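Have a look at the structure below, then the notes.
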Amino acid sequence: MPFWKAGKNDDQVLEELKETQKQNADEFVKEQAYSQKAKKPSLTVDNAFTPVEYDPQYILQVNHLKKYFPIKGGMVSKTVGYVKAVDGVTFNLKRGTTMGLVGESGCGKTTTGRTLLRLYEPTDGTIIYDGKVLFDKKKKIAVDMLPYRRRMQIVFQDPYASLDPRMTIGDIVGEGIDIHHLCANAKERHDKIISLLERVGLNSEHANRYPHEFSGGQRQRVGIARALAVDPEFIVCDEPVSALDVSIQAQVVNMFEDLQQEMGLTYLFIAHDLSVVKHISNRIGVMYLGKLVELADSFELIAHSVHPYTRSLISAIPVADPVTARQSHRIVLQGDVPSPLNPPSGCRFRTRCPYADERCAAEVPEFKEVSSGHWAACHHLDKVK
């Protein structure tokens with residue numbers, strides 16, 4: 001019945017309209033909430049792992065580290081899935097040593113390095129640096145990273161993209177000095193910048209130039225000088241030589257070794273080239289699709305690897321001697337790396353592994369110690385030849 005025939009005044013009509021609109025809005029919100037709850041993918045965070053205890057011989061301890069990136073879709077940008085870029089990585093890093101991290105493109109090496117520095121916020125796990133818990137999902141600890149930026153630095157992969165083209169080299173290197181107030185006056189700041197440039201093999205007159213005036217190798221040296229400007233203890237080297245010529249690669253790697261001896265630095269050295277990694281690293285970790293599949297001392301991993309994926313990487317290292325190269329057996333893997341959005345069940349390497357069976361599809365292999373300091377994750381270590 002129309003309102004004017006019911007004998008109601010204007011105020012009563014407005015009140016009834018408002019009440020009707022409110023009820024309709026409440027019902028719509030409830031329906032939307034139920035629909036999103038039903039369709040939203042579950043993000044499982046496993047807190048059942050064994051807590052790690054601080055050991056003074058290690059500068060960095062990483063336990064069950066995970067980093068998942070949400071995938072947005074639809075008109076309202078709902079989360080429709082997760083990319084499991086890093087999925088349960090565990091390792092320890094001794095002071096003054098270098099740990100190499102190798103694997104195919106997209107396996108999570110760079111994400112691991114950036115998550116350690118909390119440039120990406122971890123999804124799960126524990127990070128302990130020099131006895132201080134930087135992140136612990138189970139205990140809900142996430143400390144302010146500003147005091148640790150001085151002690152933990154990174155050298156980025158692309159020397160052409162990691163330097164601001166509108167800043168001079170002196171300002172790029174001195175930016176960290178300014179942020180952390182490390183110099184008392186302009187003269188002290190200038191002297192430190194010149195000292196850093198000379199330490200990495202550049203000249204004092206380079207301080208007034210811009211990045212576009214330098215070659216790739218010189219730009220990477222600038223990136224290293226920027227990392228050294230705040231006197232760090234630990235540096236993540238994110239593929240620092242992959243964009244450089246072979247001769248320049250050797251110079252930069254030798255410079256990293258010299259700086260380590262002079263300053264007592266600790267490196268996490270990320271690279272594709274296993275031959276470069278075995279040269280500079282004390283220990284090497286092999287990643288596949290977000291997980292560590294093998295971890296051992298450098299010589300032990302190259303000479304006595306036990307995981308089929310590591311064996312295939314080692315067989316791809318070029319050999320200078322043509323006679324030895326012809327006698328060596330190259331292990332060629334079939335297929336491509338699966339998507340981290342929907343990784344295979346059980347062992348993630350099983351879709352490309354020549355030893356895979358039903359157990360590999362049903363069970364995730366345990367990352368266990370197969371000999372002193374040598375860790376691997378495989379169901380068929382006895383079959384690998």
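Odds and ends about this structure:
- Quarter of Cα convex hull surface for the range 280-385, i.e. mean projection, nm²: 7.5
- Ranking of Met145, Met287, Met255 by count of other Cβ atoms within 10 Å, fewest first: Met145, Met255, Met287
- Each Lys and Arg contributes +1 and each Asp and Glu -1, all at the Cβ; summed about the Cα centre of the range 91-154, the dipole is approximately 260 debye.
- His190-Met263 FRET efficiency (beta carbon distance; Förster radius 22 Å; 0.05 resolution): 0.55
- Computed per residue of the chain from DSSP H runs no shorter than four, each worth -39500 (n - 2.57), the mean residue ellipticity at 222 nm is -10000 deg cm²/dmol.
- Gain upon complete extension [Gln327, Arg166; 0.36 nm per residue less C-alpha separation]: 52.7 nm
- Taking every C-alpha pair closer than 8 Å and separated by at least 6 residues, the mean separation divided by the residue count of the chain gives a relative contact order of 16 percent.
- For the chain, built as a Gaussian network whose Cα springs stay under 10 Å, the top-fluctuating residue of Gly88, Gly176, Gly373: Gly373
- A dipole drawn for the chain from +1 and -1 charges on Cβ atoms has a positive end, and of Thr115, His212, Thr79 the residue lying farthest that way is Thr79.
- Debye, to nearest 20: dipole size of the chain, +1 on Lys, Arg Cβ, -1 on Asp, Glu Cβ: 720
- Paramagnetic reach from Glu198 (point 7 Å along Cα→Cβ, amide N under 13 Å) across the range 206-236: 206
- Summarising the amide proton neighbourhood of Gly285: residues at separation of 5 or more, or on other chains, whose placed amide H is nearer than 5 Å comprise Gly100, Leu101, Val102.
- For the range 348-385, applying the loop criterion from DSSP together with a ceiling of 15 other beta carbons within 10 Å to the GluC sites (Glu not before Pro) yields Glu363, Glu366.
All of the numbers you see were taken from the coordinates with simple rules; none came from a lab. Every value quoted in this text rests on a predicted model; they were computed, and no experiment measured them. Note that we place each Cβ from the backbone using ideal geometry, even for glycine, and neighbour counts take in every protein chain shown.
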